Amino acid sequence: MGGIDWAAKRGARPMVVIDEAAKRVQEPPPHGRIGMSTAWRITDGVPGRMMEYRKRALHKGAAIGVHPIDHDEVYAVVSGEGDVSSDGTTARLKPGMTAYLYTGAHVGIRQIGEAPLVLIVAYPLEGVPRK
């Protein structure tokens, strides 16, 4: 509807403001349930959304296990450190660094050091056309 409204010069759909505190859950990380994490499912419930946008804190020793992805995905580090892997290549990520991961890769990330690894994770939802 927002695209139709914009094309008809009626303006875009209004914004949605999300309180992260209301989206916070404690759970094992996906893809292996290795350790524990805090997850903020920020965009869950946003009407008409086209992307997923989440924050996750991997606690000491936790990891998102290696898994295949069927969409491009971004891991942006807010704080802490971690090792990200994609198809057997590993890189150390620190605050201010982002890993852009490509469709079809087998990816994972693990927390290292004492501080939790806090990530922003974003990817398009299924069925969203790529340009």
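Each value in this text was obtained by applying a stated rule to the coordinates, not by laboratory testing. Remember, predicted model here, so these are calculated numbers, not experimental data. Positions of Cβ are backbone-derived with ideal geometry, glycine not excepted, and every protein chain shown enters the neighbour counts.
Here are the numbers:
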| quantity | calculated |
| --- | --- |
| Entirely in the stretch 6-112, the strands (runs of 3 or more DSSP E) that have 1 or more residues that are crowded, with 18+ Cβ neighbours inside 10 Å and either of a type in the set (S, T, N, Q) or touching a residue at least 40 places away in the same chain (Cβ under 8 Å) (or both) | 37-40, 51-58, 63-68, 73-79, 81-86, 106-112 |
| Selection from the stretch 117-129 of residues that are out of contact with any Leu (no Cβ under 6 Å at 6 or more places or on another chain) and in contact (Cβ under 8 Å) with a residue 12 or more places away in the chain | V118, L119, I120, V121, A122, Y123, P124, L125, E126, V128 |
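Let's see how each residue does on (1) at negative phi; (2) over 12 Å from the mean Cα position of the chain (by Cα); (3) of a type in the set (D, E):
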{"position": "D19", "(1), (2), (3)": "yes, yes, yes"}
{"position": "Q26", "(1), (2), (3)": "yes, yes, no"}
{"position": "T38", "(1), (2), (3)": "yes, yes, no"}
{"position": "Y53", "(1), (2), (3)": "yes, no, no"}
{"position": "G61", "(1), (2), (3)": "no, yes, no"}
